[in-house]
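K.L.:
Got a structure here, written out as structure tokens. Questions coming.
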Amino acid sequence: MGELTGSFGSRIGFQESEDLVVRLREHDEQAFAEVFHLYKDLVYTLSVKLLSDKSEAMDVTQEVFLTLYRKINSFRGECSLKTWLYRVTLNQAANRNRWWRRRFLDRTESLSLGLKDNGQPVPDPVSNQPRPDRVAFAVEIQKALQEALDSLPFEQRAAVLLRDVQGLSYEEVAEVVGAEVGTVKSRIARGRERLKERLKAYREGADL
Amino acid sequence: MSCQDVLKNIHDYLDGELSASQAAEFESHLRQCDACRCEVDDLSWVRQTLAVKEHLPAAAEEQIWKHVHQRLGVVWWDWAYGLFDDIRTYWRDLDRITVWTRVSAVPVTLAFFVSILLQFPLVAIEEWTYPAFTMKRMPSSVFSEALVTQIQARHTPAEIDDIMSAAWKLPYEDSFTVLAQVTAEGHAEIEDVIEYPKSHDLLQAVDDTLRATQFQTAQNNTVKPLVIYSFQKIDVYSDQPGL
């Protein structure tokens, strides 16, 4: 399965899902593999940004696809398969986003954004792929961004990520999070404003 | 378009939700106003920074697929995990205060407390006290309650009422239990004090009350009636200090 991103990818995904859902309901393993390859990166990106922890995000990705297999019969097709998967991802991430975790987890370690103690990027321990494109400043910005995201309330974080990272429309975000479009709009606006405030110093640095 | 309008519509502009004419108006304002342009630039920069996509590492993908594949089709495990997941979601939603969990939390909480209370069956007070004893309750306010235990069999209701009204008039917040004997003259005397009150004056007052009360049963010489006089009064008469 090639890289399917942006609106083209989501359109293809939606068209395929009609047939896919029927095959998934029959527990067709091939259909399941197709869905996994089509949506794994979307699910993983959302999870990793929601939880700022790669290993947790991998767990969530695994759980999302297990839930897909287990609960495909309760999927009534009222929304697209992608929307449903996003909803499951949010649900799973929210379950792992308990207050004690946010409170006691040492974020500097759990982020694992590829920083040694001296600030030098290190190869990703899971993928073992070098990341020559990541200069220290970009890594620093991503780290700051993740910390800023963590400081947002879960609902705001989810809305901003679904809009700005996953590229969903306001209506689609509202469908995923189960809120009114107006509420979603205000969550996105507030979330972005807070991110902007938190990242002000990096923004000035980025212009230099 | 004023700066205020620009700030109000800034997110709609970034998300392409403005109509063509509105967008043109918006942009023409940006060309003239540095502050608004900075604001838009900053927010676009945040959006761009956010939009970096992550890719599931190949090794992890393989591992996840292996795990998922292993767990497919194991029915009991699915069922157990599904149940665990539902319970976890329910508790999480309690934390997040969604409407349906709030509503369902009420019967769940009530059922919990009722199940605890059912462990202590209600027993009528006559059943566990000696059958000859009955409990009489004085008319009480929320601040006061007086209980008088009497041997019902040996006194007429009028006598009991006498004792209770006398006790009720006592201006103390106290409790005691005495054993009294009805004398040949038809009065009663304290024979034994089972539980002393805090105030000696109260004991004296009870003694005086018993001595002054005329007991009808004294006429019947075949029995030597006993009066068990147990009194608990929680009341404060601030305007009647002492007797």
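K.L.:
What is the calculated FRET efficiency for B:H67 to B:Q204, with r their C-beta to C-beta distance and R₀ = 51 Å, to the nearest 0.05?
P.N.:
0.05
K.L.:
If one takes the accessible area of chain A alone plus chain B alone and subtracts that of the pair, with a 1.4 Å probe, what total in Å², rounded to the nearest 100, results?
P.N.:
4800
K.L.:
Please list 3J(HN,Hα) in residue order for region B:48-60, calculated via the Karplus relation 6.51 cos²θ - 1.76 cosθ + 1.60 where θ = phi - 60°; whole Hz, with x for glycine and proline.
P.N.:
5, 4, 5, 6, 5, 8, 9, 10, 5, x, 4, 5, 5
K.L.:
Right, something else. Taking 0.36 nm per residue of separation and subtracting the Cα-Cα distance, what length does fully extending B:F120 through B:C3 add?
P.N.:
Length gained, B:F120 through B:C3: 35.2 nm.
K.L.:
Continuing with this model, one more query. Multiplying the sequence separation of B:Y81 and B:R37 by 0.36 nm and subtracting their Cα-Cα distance, what value in nm do you get?
P.N.:
In short, 10.7 nm is gained.
K.L.:
For region A:142-208, which GluC sites (Glu not before Pro) are both in a DSSP coil and crowded by at most 11 other Cβ atoms within 10 Å?
P.N.:
Loop-located and lightly packed - A:E180.
K.L.:
Additional query: Past 23 Å, Cα to Cα: identify those pairs from A:K54/A:K185; B:K8/B:K53; A:K143/B:K53; A:K54/B:K53; A:K82/A:K185; A:K71/A:K185, in the order given.
P.N.:
Flagged as over cut-off: A:K54/A:K185; B:K8/B:K53; A:K71/A:K185.
K.L.:
Still on this structure, please answer the following. Can you compute the FRET efficiency between B:E25 and B:V99 using 1/(1 + (r/R0)^6), with r the Cβ-Cβ distance and R0 = 41 Å? Round to the nearest 0.05.
P.N.:
That pair, B:E25 with B:V99, gives E of 0.50.
K.L.:
Could you run the Karplus curve 6.51 cos²θ - 1.76 cosθ + 1.60 with θ = phi - 60° over region A:24-30 and give me ³J(HN,Hα) per residue in whole Hz, x for Gly and Pro?
P.N.:
5, 4, 7, 6, 6, 5, 5
K.L.:
If you don't mind, there's one more thing I want to ask. Are there any GluC sites (Glu not before Pro) in region A:28-79 that are in a DSSP loop and have at most 10 other Cβ atoms within 10 Å? List them by number.
P.N.:
Hits after loop and neighbour filter: A:E78.
K.L.:
Would you calculate the separation in nanometres between label points at B:V52 and A:S151, each defined as 7 Å from the Cα along the Cα-to-beta-carbon direction?
P.N.:
Taking the two extended label points, one gets 1.8 nm.
K.L.:
Also: How high is the FRET efficiency between B:A59 and B:F113 when r is their beta carbon distance and R₀ equals 51 Å, given to the nearest 0.05?
P.N.:
0.50
K.L.:
Could I ask something else about it? Just flag the chymotrypsin sites (Phe, Trp or Tyr not before Pro) in region B:2-98 sitting in loop per DSSP whose Cβ has no more than 11 other Cβ atoms within 10 Å.
P.N.:
The qualifying sites: there are none.
K.L.:
Enumerate the calculated ³J(HN,Hα) couplings along region B:77-84 in order (Karplus 6.51 cos²θ - 1.76 cosθ + 1.60, θ = phi - 60°), each rounded to whole Hz, writing x wherever the residue is Gly or Pro.
P.N.:
Using θ = phi - 60°, the values come out as 5, 4, 4, 5, 5, x, 5, 4 Hz.
The values are calculated or read from the model by the stated rules, or taken from the named source; none is laboratory data. These numbers come from a predicted model, not from an experiment. Positions of Cβ are backbone-derived with ideal geometry, glycine not excepted, and every protein chain shown enters the neighbour counts. Calculation scope for accessible area: heavy atoms of the full protein, side chains included, ligands and nucleic acids excluded. Shrake-Rupley method; radii C 1.70, N 1.55, O 1.52, S 1.80 Å.
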